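To start, the structure under review is shown below, and the notes come after it.
The values are calculated or read from the model by the stated rules, or taken from the named source; none is laboratory data. Here the structure is a predicted model, which means the values were calculated and not measured. Counting neighbours? That spans all protein chains shown, and the Cβs are built from the backbone with ideal geometry, glycine included.
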Amino acid sequence: MRNGFLIMAIVALTALAVGGWLGHDAWHRPEPAADQVERHPHEHADVERVRLSPQAQANLHLVVKAVQPQTYWRTVQVPGLVIERPGTTDRGVTAPLAGVVKRIAALPGDIVRPGDELFTLGLTSEYLQTSQTELNKTAQELKIVQDQKRRLDKLADTGAIAGVRVIDLQNQIDRLAALRKAQRTDLALRGLTAEQIDQVETGQFVREIVLRAPAPRPDAPEPRYELEHLKVQLGEQVQAGQALCFLSDHQLLFIEGRGFKEDTDLVQRSVVRRWPVTVAFPEETPGDWPPLPQELTIQYLANALDPASQTFPFYIPLPNQHRDYQSAGKTYRLWRFRPGQRVRLGIRVQEFPDVFVVPAAAVVREGPEAYVFRQNGDAFDRKAVHVVYEDSTHAVLAADGSVYPGSYLAQNAAAALNRALKARTAGPHDHHHGHDHEH
């Protein structure tokens with residue numbers, strides 16, 4: 001019996017010793033590292049995330065696009081105006097001779113091609129009638145002298161007549177031929193065709209003349225004109241040289257920029273280095289027309305300042321775009337650019353290589369911080385960014401790791417997204433933000 005109690009006492013002492021050792025180990029075991037602590041399912045990063053339903057995104061007209069690094073140029077804005085190209089855009093059609101307008105074949109707004117009929121004039125010019133009569137007379141005399149010479153050539157060969165007579169007839173032929181050539185040229189300058197002049201020589205005098213659209217410029221991509229201004233009426237008496245209409249060719253226009261005196265060096269640098277100029281048309285709705293087919297560069301700049309405004313003009317060739325439409329059986333044309341249209345020009349100043357460029361509405365500010373919103377499924381994460389430059393239309397973000405190539409960023413409504421984020425974090429049901437849940 002005594003041995004049994006002894007054994008029980010030894011077992012109890014052993015258990016106490018083991019328990020003490022285990023307790024000591026527990027009391028002195030180090031805490032787990034911070035990154036090994038099991039996190040709550042609601043991570044703290046959710047504070048910078050806002051979820052939007054598809055309906056909410058539609059209400060905001062939210063646009064999301066992937067961004068890629070690129071080179072951006074800071075520009076200085078100067079005003080501009082679309083103008084006609086002097087000497088090429090407008091083309092006047094004048095009456096070559098005095099006459100009466102008997103037919104008007106094209107009206108304002110009509111599209112005409114080179115060679116199309118414009119007017120028919122009934123000729124009243126005494127000069128033209130006299131010129132036609134003189135040409136007919138010369139042509140008949142020339143024919144008579146040529147016939148005489150052919151007959152005498154045979155007699156001269158047999159010695160029946162002196163050769164001097166043949167020589168005299170040849171001189172008359174040369175004189176009449178020169179006169180005939182001059183008279184034909186004069187009538188051609190008056191607007192008569194070669195066929196009409198041939199008819200005059202046979203006695204069929206021209207009583208009326210058809211005026212047609214002139215030949216196009218050699219560099220015209222599409223030889224068409226638009227009748228812009230009609231200057232005469234049916235039955236009107238017109239004089240030689242009087243303007244009948246003006247045709248316009250708006251396929252290539254000019255932008256006249258107006259630089260201030262302090263912008264001279266910037267504009268000159270763009271001209272010498274052939275840097276493209278950015279062009280914005282405030283009156284246009286984006287998407288109505290396709291992008292311009294080429295970059296626009298300054299062709300030349302004036303070397304004198306306007307004394308009143310202290311500005312200098314510079315000129316940029318502007319290729320135009322158009323759409324044709326049908327109305328009342330005729331084809332009419334709508335031009336994208338029109339003389340008098342206002343333009344904003346951007347002259348290059350500073351280069352920012354390897355940056356991300358987003359619309360200004362893609363960035364929201366809170367004090368010194370600037371944020372964009374990156375799409376993450378149906379949620380948008382707010383990301384702090386470094387804005388290296390911004391203007392009224394664009395924001396330029398540094399490629400410092402806050403945004404990666406290919407990131408899908410909200411291109412607009414950043415302010416609205418930020419308000420939604422702040423409302424969520426401040427709401428009464430945001431238990432995570434208040435930390436009233438158990439960890």
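Listed by position, the strands (runs of 3 or more DSSP E) contained in the stretch 43-148 that have at least 1 residues being closer than 30 Å to LEU397 by Cα and touching a residue at least 60 places away in the same chain (Cβ under 8 Å) are 49-51, 64-66, 70-83.
For residues that are surrounded by 12 or more Cβ atoms within 10 Å (Cβ to Cβ) and either more than 19 Å from LEU107 (Cα to Cα) or of a type in the set (Val, Ile, Thr) (or both), tally how many sit in the stretch 332-341.
Selection size over the stretch 332-341: 5.
Which is under 48 Å from the mean Cα position of the chain (by Cα), at pLDDT 90 or above, surrounded by 12 or more Cβ atoms within 10 Å (Cβ to Cβ) and in a loop (DSSP other than H, G, I, E, B), of VAL232, VAL210? Full working, then the answer.
Values: VAL210 fails: in a loop (DSSP other than H, G, I, E, B).
Selected residue: VAL232, the only one of VAL232, VAL210 that is under 48 Å from the mean Cα position of the chain (by Cα), at pLDDT 90 or above, surrounded by 12 or more Cβ atoms within 10 Å (Cβ to Cβ) and in a loop (DSSP other than H, G, I, E, B).
Condition test on VAL82, is it within 24 Å of GLU283 (Cβ to Cβ), β-branched (Val, Ile, Thr), touching a helix residue (DSSP H, G or I) at 6+ places or on another chain (Cβ under 9 Å) and crowded, with 18+ Cβ neighbours inside 10 Å? Let's see the steps before the verdict.
Working: within 24 Å of GLU283 (Cβ to Cβ): yes; β-branched (Val, Ile, Thr): yes; touching a helix residue (DSSP H, G or I) at 6+ places or on another chain (Cβ under 9 Å): no; crowded, with 18+ Cβ neighbours inside 10 Å: yes.
Judged against the criteria, VAL82 is not a match.
Per the listing VAL267, VAL272, the residue uniquely at pLDDT below 95, under 30 Å from ALA308 (Cα atoms) and out of contact with any Gly (no Cβ under 8 Å at 6 or more places or on another chain) is VAL272.
Taking the stretch 176-191 on its own, how many of its residues are within 16 Å of PRO214 (Cβ to Cβ) and not charged (D, E, K, R)? Walk me through how you get there before you give the answer.
Taking the stretch 176-191 first, the residues within 16 Å of PRO214 (Cβ to Cβ) are 188-191.
Then keep just the ones that are not charged (D, E, K, R); that gives 188-189, 191.
Qualifying residue count, the stretch 176-191: 3.
Going through (1) of a type in the set (A, V, I, L, M, F, W, C); (2) closer than 30 Å to SER327 by Cβ; (3) assigned to a loop (DSSP other than H, G, I, E, B) one by one, PHE205 falls short only on (2). Here ALA361 clears all of (1) more than 20 Å from LYS65 (Cα to Cα); (2) modelled with pLDDT of 95 or more; (3) part of a helix (DSSP H, G or I) except the condition numbered (1).
So, in the stretch 268-304, how many residues would count as being exposed (fewer than 12 other Cβ atoms within 10 Å of the Cβ) and either closer than 18 Å to GLU351 by Cα or over 19 Å from the mean Cα position of the chain (by Cα) (or both)?
From the stretch 268-304, those exposed (fewer than 12 other Cβ atoms within 10 Å of the Cβ) are 272-274, 282-283, 285-288, 290-291, 293-295, 300, 303-304; that's our starting set.
When the remaining residues are screened for being either closer than 18 Å to GLU351 by Cα or over 19 Å from the mean Cα position of the chain (by Cα) (or both), the result is 272-274, 295, 303-304.
Adding up the residues that qualify gives 6.
I'm checking my understanding of the structure. Among residues of the stretch 94-144 that are within 30 Å of LEU176 (Cβ to Cβ) and among the basic types (Lys, Arg), which one is surrounded by the most Cβ atoms within 10 Å (Cβ to Cβ)? Only one residue fits best here, namely LYS137.
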